[in-house]
Every structure is written in C-alpha cells, then in structure tokens.
Amino acid sequence: MNDPIILILVAVLPSIVVFLTAFHLIKQLVAGKAQERMAEVRKEDHKQLLPLRLQAYERLTLFAERISPGALLLRVHKSHMTARSFHAELVATIREEFDHNVSQQIYVGDKAWSKVKQAKEETIRLMNLSYEQTGDSPSGTELSRRVFENVGKLSHTPSQECLLAIKEEVRRLF
C-alpha cells in the first residue's frame, strides 16, 4: 500500500464525497427557498393585481352600459337634431367611450376584450343601419325610433352579450 496514487485517493476521496453531498444539499435548500420566494411574489402580485383587474371589469361594464342603445340615445339626443348630426354624434360617442377604456384590455381576458370590441363594432353597425334606413332629412327622433325598432328585432343587444362575457370572467376569478 505504498502506491502514491492509492494514498492520494484514500486521502482525497472522502473529502470529495463530503463536498458533493454538501453541494447537493445546499443546492436543494437554495432551490426550495427560491421557490418559496417566487410563491410569495406571485401571491403578492395577485393581491395587487386583483383590485386592478376588478376595476378594469367595472370600467368595461360601465362602457357596455353606456353604449347600450337605449342609454346612448337618451344621453346623446338633443332637441332639433337632424338624423345626420345625431348619427354622427352617436358614432363619435361610442368611439370616444371605447378609446377612453382601451387600456383596460391588459387586465382582462381575451374573450372579454373580444366581446368589448365586438359590442362597439356591432353597436356602430346598428347605428349605421338605422341611419341608412332613416336617411338624411328626418329628425333625430326618427333615427331614435328606427334604432329602437332594430334593437327590438335582436334577441340580445351587443352590450348584453359583452356584459355576459365580463360576468363570466369575473366569476372565474373567484
């Protein structure tokens, strides 16, 4: 047993085994602490993000209510408006409402945001169709009547469908 290589292995091998064992244990401990920290960070982020998401859903609910045909017509109509000026004001109001809430898309799911955009587009389409059926010359009151007639033919207004999608996503949050 005088071989120098065997003597070196006998001296060094236990040190290498102890080092590898310690390294493995420390690595597991650090990984566990990192996972715990990440879980804490996620929990804290969720705590801060939840109120922002709920606020976004509230704002988009308000948007859907504000562009619903009945509420929109009553809010925008002024006496002695022509159908042309009333139509222009209705479409401009819908677009302004949408533009005011466009940043909320980062807090809501894709389905809800898609329904918000769809509600905007279909409500504008409804106003355009009603205006085409009314023409330029009649009063804004005639345009209102035509919009209400067209809404009466629908099973759900675009706003109602949008609200259903928003409510569904909010229920999934809880």
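The values are calculated or read from the model by the stated rules, or taken from the named source; none is laboratory data. Computed from a prediction, not measured in an experiment: that's the story for all the values here. Cβ: placed from backbone, ideal geometry, glycine included. Neighbour counts: every protein chain shown.
Can you tell me which residue among Gly109, Gly140 is more than 16 Å from Ile67 (Cα to Cα), of a type in the set (Gly, Ala, Ser) and over 29 Å from the mean Cα position of the chain (by Cα)?
After applying the criteria, what remains is Gly140.
Could you grab the pairs with beta carbons closer than 9 Å, sequence gap of 6+ or different chains, first residue in the range 96-122 and within 14 Å of Arg59 (Cα to Cα), second one outside any helix (DSSP H, G or I) and of a type in the set (A, V, I, L, M)?
Close Cβ pairs (under 9 Å, with a partner that is outside any helix (DSSP H, G or I) and of a type in the set (A, V, I, L, M)) amount to Glu97/Ile67; Phe98/Ile67; Val116/Val108.
Which one is nearest to Ile94 (Cα to Cα), of the residues in the range 25-66 that are modelled with pLDDT of 95 or more and of a type in the set (Asp, Glu)?
Among those residues, the one meeting the criterion is Glu65.
Of the residues His87, His100, His80, His24, which single one is over 25 Å from Arg171 (Cβ atoms) and loosely packed, with under 10 Cβ neighbours inside 10 Å?
Numbers: His87 fails: loosely packed, with under 10 Cβ neighbours inside 10 Å; His100 fails: loosely packed, with under 10 Cβ neighbours inside 10 Å; His24 fails: loosely packed, with under 10 Cβ neighbours inside 10 Å.
Checking each option against the conditions leaves just His80.
What number goes with the only condition from (1) exposed (fewer than 15 other Cβ atoms within 10 Å of the Cβ); (2) free of Cβ contacts under 8 Å to residues at least 40 places away in the same chain; (3) more than 29 Å from the chain's Cα centre (by Cα) that Arg146 does not pass?
Answer for Arg146: the failing condition is (1).
Quick one: which residue in Ala92, Ala56 is aliphatic (A, V, I, L, M), assigned to a helix (DSSP H, G or I) and either under 14 Å from the mean Cα position of the chain (by Cα) or more than 24 Å from Glu161 (Cβ to Cβ) (or both)? Don't jump to the end; show me each part of the working.
On the way: Ala92 fails: either under 14 Å from the mean Cα position of the chain (by Cα) or more than 24 Å from Glu161 (Cβ to Cβ) (or both).
Answer to the selection: Ala56.
I'd like the residue in the range 2-49 that is closer than 30 Å to Tyr107 by Cβ and polar (S, T, N, Q) and, out of all such residues, is nearest to the chain's Cα centre (by Cα).
Initial filter on the range 2-49 (closer than 30 Å to Tyr107 by Cβ): 34-49.
Then keep just the ones that are polar (S, T, N, Q); that gives 35, 48.
Numbers: Gln35: 29, Gln48: 16 Å.
Filtering first and then ranking leaves Gln48.
Polar (S, T, N, Q), under 21 Å from Cys162 (Cα atoms) and in a helix (DSSP H, G or I): does that describe Thr21? Outline the logic, then answer.
Working: polar (S, T, N, Q): yes; under 21 Å from Cys162 (Cα atoms): no; in a helix (DSSP H, G or I): yes.
Considered against the rule, which asks whether it is polar (S, T, N, Q), under 21 Å from Cys162 (Cα atoms) and in a helix (DSSP H, G or I), Thr21 comes out as no.
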